[in-house]
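Scroll down for the structure; my scribbles are underneath it.
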There are 2 protein chains.
Amino acid sequence: MEEVRLIEIKEEIHSDNTVKAKQLRDSLSKNKTFLLNLMSSPGAGKTTTILKTLEIIGDKLRSSVIEADIDSMVDAEKIAAKGIHAVQLRTGGFCHLDASMVEKGLEGMNLKDFDLVIIENVGNLVCPAEFDTGAIKNVMILSVPEGDDKPLKYPLMFTVCDVLLVNKIDYLSLSDFDIDAMKERVLNLNPKIRIFEISSKTGEGVQAWADWLTNEVKQFTAQ
Amino acid sequence: MEEVRLIEIKEEIHSDNTVKAKQLRDSLSKNKTFLLNLMSSPGAGKTTTILKTLEIIGDKLRSSVIEADIDSMVDAEKIAAKGIHAVQLRTGGFCHLDASMVEKGLEGMNLKDFDLVIIENVGNLVCPAEFDTGAIKNVMILSVPEGDDKPLKYPLMFTVCDVLLVNKIDYLSLSDFDIDAMKERVLNLNPKIRIFEISSKTGEGVQAWADWLTNEVKQFTAQ
């Protein structure tokens, strides 16, 4: 098991977040490190999706995970148990990550050692959508048990994301989730979003998403 | 279908929320109106639980629902379609309700006409836990697909609630959710919390919760 580094977030800086996020993105581009910001409701399957994705990607990319949590280390420990480099950001009461917090998570890492860093944001469909973390791409998970009406109720999250992972499709048989209606609602908000249907538990559909991500990172690092 | 009143929240007032919440609670007590604040992640089943609960309670109590949503009226319309008095609070970007917003929702209602008012808070396990809404009781839903580790990751929410409804128990057969481990984690944080296991979809367990709530409201209004 990899050792998990724990970083406590003590204060929040709002005012210059846009500037800070741009600086961070510039530094990531210079170091050819692809930062992916993964957002969702609590329990939509962020950690399981990260594990399954990195299992498929394997040594095709040098990967690291920054786990944000209000008050535990369980996710980072799960990641590290698989031998993957993991950092735990303990956010105290904060309900989202901003660029300064992500920068803290990256401190102590040599960016040149990593092609891909995935941030698991705080489980929340509202606040994280409002803060640029400095990521190259924003990805969200909507899980089937949450319902097909979420794009109507949390539109900003669906608008700021480049990719939507529809997770827990193994629950579709038990659910009245209307996947076509959901997609129409999402594409209405954000016509450019990429949608992948996956089950991180059974592995269904994860290969296509992992291939897409690997390709994006390779294009980015080749620039 | 009842007509839904829509109220837009324009500004947020933090500073005197504790005072405002106490004033609101005093006014509710005077009018014998039991205010229940229902919180959960997005998609845990707040609206369905409210509908099932009020269906069982029927005319034993005079009930109303205040629906908070960032940007839609779908929930209030579902409630009103059942002939239940409903108010829609559109919160703009706000990720939680405070006492001033709830007071806005109650404006225009004659409190003496209602024994029970249920507020459906914004879907979010983080921010709503930090704001006293003036409610008499705080209730949260944790749904089975979210996972049994949520008390470790969102401890404040489990600490501030009087009741935990474990919803979607019809998903247990598909899930590795450990209900005993979850309960132990919750009771560790909050030994006084009442826990009901329900499925708002199938109706399983909802009667016991609805009976408990009816009894609480009757005791409160008899004071």
Using unit Cβ charges (K, R positive; D, E negative) and no other charged atoms, how large, in debye to the nearest 20, is the dipole of chain A about its Cα centre?
600 debye
Using the 7 Å Cα-to-Cβ label point, sort the distances from A:E55 to its equivalents in the other copies shortest first and give them in nm to one decimal.
3.8
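Computed over the Cα atoms of region B:6-105, what is the convex hull's projected area averaged over all directions, in nm²?
On the way: hull surface 26.5 nm².
Result: a mean projected hull area of 6.6 nm².
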Between copies, how far does the label point of B:L187 sit from its twins, in nm, shortest first, when each point is 7 Å from Cα along Cα→Cβ?
5.0
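222 nm [θ] for the protein assembly as shown, helices only, -39500 (n - 2.57) per DSSP H run of 4+, per residue, to 500? Numbers along the way, then the final one.
Working: 16 runs with 162 residues, N = 446.
Result for the protein assembly as shown: -10500 deg cm²/dmol, rounded to the nearest 500.
If you place +1 on the Cβ of every Lys and Arg, -1 on the Cβ of every Asp and Glu, and leave all else neutral, what size is the dipole of region A:104-223 about its Cα centre, to the nearest 20 Debye?
Values: 12 positive and 19 negative charges, 53 e Å.
Dipole of region A:104-223, to the nearest 20 debye: 260 debye.
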Rounded to the nearest 20 debye, dipole of the protein assembly as shown from Cβ charges on Lys, Arg, Asp, Glu
240 debye
Cβ-Cβ cut-off under 15 Å around B:V186, Lys and Arg +1, Asp and Glu -1: the net charge is -3
Under a straight-distance cross-link criterion of Cα-Cα below 23 Å, which lysines are reachable from B:K112, leaving out those fewer than 8 residues away in the same chain?
B:K20, B:K22, B:K30, B:K32, B:K60, B:K82, B:K104, B:K137, B:K218
For A:K78, list the aspartates and glutamates whose Cα falls under 14 Å from its own Cα; do not include residues on the same chain fewer than 8 positions away.
A:E2, A:E3, A:E55, A:E67, A:D69, A:E120, B:D149
For B:G93, inter-copy label-point distances (7 Å, Cα→Cβ), nm, shortest first, read 2.0
Run through every distinct alpha carbon pair of chain A and return the Kirkwood hydrodynamic radius in angstroms, one decimal place.
17.5 Å
Calculate the length of the line joining the C-alpha centroid of region B:118-134 to that of region A:103-147, in whole Å.
24 Å
Taking placed amide H atoms and a strict 5 Å upper bound, the residues 5 or more places from B:I66 or on another chain that come that close are B:V87, B:I118, B:I119, B:E120
May I ask for the angle, rounded to the nearest 10°, between helix B:17-31 and the longest principal axis of chain B, with both axes built from Cα atoms and the value confined to 0 to 90°?
80 degrees
Report the relative contact order of region B:33-221, percent, no decimals, based on alpha-carbon pairs under 8 angstrom and at least 6 residues apart.
28 percent
Once the protein assembly as shown is represented by equal point scatterers at the alpha-carbon sites, with solvent omitted, what log10 I(q)/I(0) does the Debye formula produce at q = 0.08, 0.09 Å⁻¹?
-0.45, -0.57
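Based on the Cα coordinates of region B:68-125, what is the per residue volume of their convex hull in Å³? Don't jump to the answer; show the numbers that get you there.
Values: hull volume 5.4 nm³, N = 58.
Taking only Cα atoms, region B:68-125 has a hull volume of 93 Å³ per residue.
Quick note: the coordinates plus some simple rules give every number you see, no bench work behind them. These numbers come from a predicted model, not from an experiment. Neighbour counts run over all protein chains shown; Cβ positions are idealised from the backbone, glycine included.
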